[in-house]
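One structure is given here, and the rest of the page talks about it.
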Amino acid sequence: AFEIMSKFAASSVPGGAEEVTRQMLDSLKPRLQRSFPTMDEEEANEVVEQLLPTSHVLLADTKTSSMERTEQVLHSPDQRDGCNLRANVRVAIAQHCDCWVRLVRP
């Protein structure tokens, strides 16, 4: 077993660890739906997103917002309704688009 594990750990994949993580999580979604027939695709996505690694670090203190994304400028931190996050906290990001991100968990 050690020999198999060492070969796996030494192997490389195009796209690196990020691509391996994406492939593993993508294959988990249909497995969840097969194992739990009442689970729809949206619920499976929510479960899988909780497994995303905390691979980003906040550069400054900020406050999140649970409001839907709009084309408007982001509200000031005082007007946001989410939680306060301190600088240097690691977070998991489920989606990025332009300058917007959707955090899964701090």
Listed by first then second residue, the pairs whose first member lies in the range 24-39 and is open to solvent by less than 100 Å² (accessible area, probe 1.4 Å), whose partner is in a helix (DSSP H, G or I) and of a type in the set (Asp, Glu), with beta carbons under 9 Å and at least 6 positions apart or on separate chains, are Leu25/Glu49; Lys29/Glu41; Leu32/Glu43; Gln33/Glu41; Gln33/Glu43
Do any helices (runs of 4 or more DSSP H) entirely within the range 1-76 hold 1 or more residues that are of a type in the set (S, T, N, Q) and modelled with pLDDT under 80, and if so, which?
2-10, 16-35
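The values are calculated or read from the model by the stated rules, or taken from the named source; none is laboratory data. As the structure is a prediction and not an experimental result, all values here were calculated from the model. Don't worry about glycine lacking a Cβ; one is built from the backbone with ideal geometry, like all the others, and counts go over all protein chains shown. Each accessible area value is taken on the protein alone, full model and side chains, heavy atoms only, with ligands, DNA and RNA left out. Shrake-Rupley method; radii C 1.70, N 1.55, O 1.52, S 1.80 Å.
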